[in-house]
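Colleague: Sharing a structure with you now.
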């Protein structure tokens with residue numbers, strides 16, 4: 001088959017690698033233009049471009065896809081059978097949309113349509129998640145479903161863990177679907193829920209929160225820059241944390257320092273497993289608490 005791949009972000013990069021491992025070859029790989037940062041205005045290629053480079057695959061960069069006349073002409077000339085459009089960050093318009101554009105979306109559509117399905121799944125404390133292969137239409141994530149699969153979420157899994165698992169399952173579903181006659185099922189719009197992009201205010205956690213909310217936020221944001229708590233007036237990134245229901249006390253009290261520190265939230269405790277103070281490297285909670293000389297009973 002003549003297959004194109006269009007994508008930019010981390011999930012798209014995982015899917016490019018997964019589909020390639022399953023034997024799919026792409027006649028074109030298209031990704032967004034690099035971002036720039038730093039004093040030297042350094043070029044930062046997309047996650048898809050970096051993955052393609054590792055795989056030895058050629059990439060075409062683009063700004064607005066529908067305004068790229070070279071790619072519009074190539075679409076007509078090369079006439080791809082299927083176009084995978086995954087985590088691209090642009091609305092797909094004509095003449096691309098009328099083609100067989102397939103998306104791998106990390107949710108059980110019609111649940112969690114939108115930009116942050118895995119993060120919202122974890123923030124909501126769900127025990128299961130899923131991945132859907134569907135056909136793109138003009139309405140966001142509302143196209144007919146080709147295949148989908150549901151999985152249980154382990155309490156220790158964070159967003160990056162789920163991204164990896166769901167991309168692998170999604171790639172399997174997509175590649176198997178291409179080997180057979182494709183049958184599509186309409187979505188039930190009345191059951192749709194939405195997963196809007198994350199807001200800056202959602203990245204802060206507090207020991208005044210419930211322990212479940214604290215831990216779920218940490219799990220959800222590990223690949224989005226990390227959740228943080230303000231401790232002694234400074235931001236401390238919390239990269240991994242777990243529930244501890246075996247302790248009691250007031251919010252913010254250090255309940256245990258035997259190993260990683262256990263801090264009380266509003267109802268039970270959280271064990272800080274991996275943290276990062278401002279300007280410091282990531283470290284275990286035990287290293288961090290030793291550096292601060294935390295003592296049991298102290299208040300954060």
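Residue-by-condition table, conditions (1) in contact with a helix residue (DSSP H, G or I) (Cβ under 9 Å, 6 or more places away or on another chain); (2) buried (at least 17 other Cβ atoms within 10 Å of the Cβ):
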{"residue": "2", "(1), (2)": "yes, no"}
{"residue": "21", "(1), (2)": "yes, no"}
{"residue": "41", "(1), (2)": "no, no"}
{"residue": "46", "(1), (2)": "yes, yes"}
{"residue": "55", "(1), (2)": "yes, no"}
{"residue": "63", "(1), (2)": "no, no"}
{"residue": "71", "(1), (2)": "yes, yes"}
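Colleague: Turning to a different aspect of this structure: From 118, 83, 145, grab the single residue that is more than 30 Å from residue 203 (Cβ to Cβ) and buried (at least 20 other Cβ atoms within 10 Å of the Cβ). I'd like the intermediate steps shown before the answer.
Modeller: Numbers: 118 fails: more than 30 Å from residue 203 (Cβ to Cβ); 145 fails: buried (at least 20 other Cβ atoms within 10 Å of the Cβ).
Exactly one residue qualifies, and that residue is 83.
Colleague: Still on this model: Specify the residue that is surrounded by the fewest Cβ atoms within 10 Å (Cβ to Cβ); the eligible residues are those in the range 255-298 that are more than 29 Å from the chain's Cα centre (by Cα) and within 17 Å of residue 239 (Cα to Cα).
Modeller: 259
Colleague: So the check is Cβ under 6 Å with 6+ separation or different chains; which pairs have a first residue in the range 84-105 that's at positive phi and a second one that's part of a loop (DSSP other than H, G, I, E, B)?
Modeller: Once the first residue is at positive phi and sits in the range 84-105, its partners that are part of a loop (DSSP other than H, G, I, E, B) give 87/9; 89/8.
Colleague: Oh, and also: Determine whether residue 115 is over 28 Å from residue 245 (Cβ atoms) and modelled with pLDDT under 95.
Modeller: yes
Colleague: Could you check the range 192-216 and list, in sequence order, the residues that are surrounded by 14 or more Cβ atoms within 10 Å (Cβ to Cβ) and either at positive phi or part of a helix (DSSP H, G or I) (or both)?
Modeller: 202, 203, 211, 212, 213, 214, 215, 216
Colleague: Moving on to the next point. Can you tell me which residue among 48, 72 is assigned by TED's automatic domain parsing to the domain that holds residue 88, touching a strand residue (DSSP E or B) at 6+ places or on another chain (Cβ under 7 Å) and not in a loop (DSSP other than H, G, I, E, B)? Let's see the steps before the verdict.
Modeller: On the way: 72 fails: touching a strand residue (DSSP E or B) at 6+ places or on another chain (Cβ under 7 Å).
Answer to the check: 48.
Colleague: Has the range 60-76 got any residue that is within 17 Å of residue 174 (Cβ to Cβ) and at pLDDT 95 or above?
Modeller: No, the range 60-76 contains no residue that is within 17 Å of residue 174 (Cβ to Cβ) and at pLDDT 95 or above.
The values are calculated or read from the model by the stated rules, or taken from the named source; none is laboratory data. All values derive from a computational prediction rather than experimental measurement. Virtual Cβ from ideal backbone geometry, glycine too; neighbours counted across all protein chains shown.
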